[in-house]
1. Restricting the search to region 136-179, which residues are among the small types (Gly, Ala, Ser) and at pLDDT 70 or above?
2. With respect to Thr105, is the statement that it is among the β-branched types (Val, Ile, Thr) and at pLDDT below 95 true?
3. What number of residues in region 108-145 are closer than 20 Å to Val98 by Cβ and in a loop (DSSP other than H, G, I, E, B)?
4. Could you go through region 83-94 and let me know if any residue there is assigned to a strand (DSSP E or B) and among the polar types (S, T, N, Q).
5. Among the residues in region 77-96, are any crowded, with 16+ Cβ neighbours inside 10 Å, closer than 21 Å to Val149 by Cα, polar (S, T, N, Q) and within 17 Å of the chain's Cα centre (by Cα)?
6. Please go through region 124-155 and pick out each residue that is buried (at least 19 other Cβ atoms within 10 Å of the Cβ), of a type in the set (Ser, Thr, Tyr) and more than 18 Å from Leu85 (Cβ to Cβ).
Amino acid sequence: MTVSIIIYSHPSLQLVPPSHQTHPPLSDFQPLCAQDAIEKFRSIVKNNAVCMFMTSLDQRPISGRPMATQLVCDQGNFWFLSSRLSMKDQDIANDPHVHLLFANTPASEFMSIYGTAEEVEDPAKKRELWMPLAKAWFPEGVDDPDLTVLKVTPTEGYYWDTSKGRMITLMKLAAAAMTGKTADVGVEGRMTI
């Protein structure tokens, strides 16, 4: 499996691959492949496991809801606990294409992942991902018949990071605006798994 991920470093950039940009990049270009890409996924999820989980991407408005990522596995898949009766699971049964949006605003880290979702029937995986807080949604616990496991396999994505911190980034942007030079505010590159 190959997954292409474009990495941008500044939150003001649009979701446009480098080959389609009409302006010079505002950051260093550093491609990430395989394990490096998966580690970047894990790093973002570790700092903010909650994402907006979007389904029915061809409809307007797009259906979205906050979901807690339980795991990013060694293969780079995103794992979630869900409800068999939810609109989300019904949407996925009709169209498995999904969009996950992560934001760690204090660290200026953002990630957009497109992928395909599937419901996985695996009691061992349910036990692995189970956490006591989930009992608020599934009163019968890990054996609740409504509990499902969703696996999202990424197909494409984008990542933004001003890895030097907000204050340094703001100072660099201000200096660039005053001098007329382009600011180097982080890292961008292509990620493939």
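The values are calculated or read from the model by the stated rules, or taken from the named source; none is laboratory data. Source: prediction; values computed, not measured. FYI the Cβ positions are ideal-geometry reconstructions off the backbone, even for glycines, and counts take in every protein chain you see.
1. Matches in region 136-179: Ala136, Gly141, Gly157.
2. Here the answer is yes, as Thr105 does meet what is asked.
3. 3
4. Yes; the residues of region 83-94 include at least one that is assigned to a strand (DSSP E or B) and among the polar types (S, T, N, Q).
5. Yes.
6. Scanning region 124-155 gives no hits.
Yes/no matrix, rows are residues, columns are (1) farther than 24 Å from Phe41 by Cα; (2) of a type outside the set (A, V, I, L, M, F, W, C); (3) in contact with a Pro (Cβ under 7 Å, 6 or more places away or on another chain):
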position	(1), (2), (3)
Trp79	no, no, no
Ile92	no, no, no
Ala103	no, no, no
Pro106	no, yes, no
Arg127	no, yes, no
Trp130	no, no, no
Trp137	yes, no, no
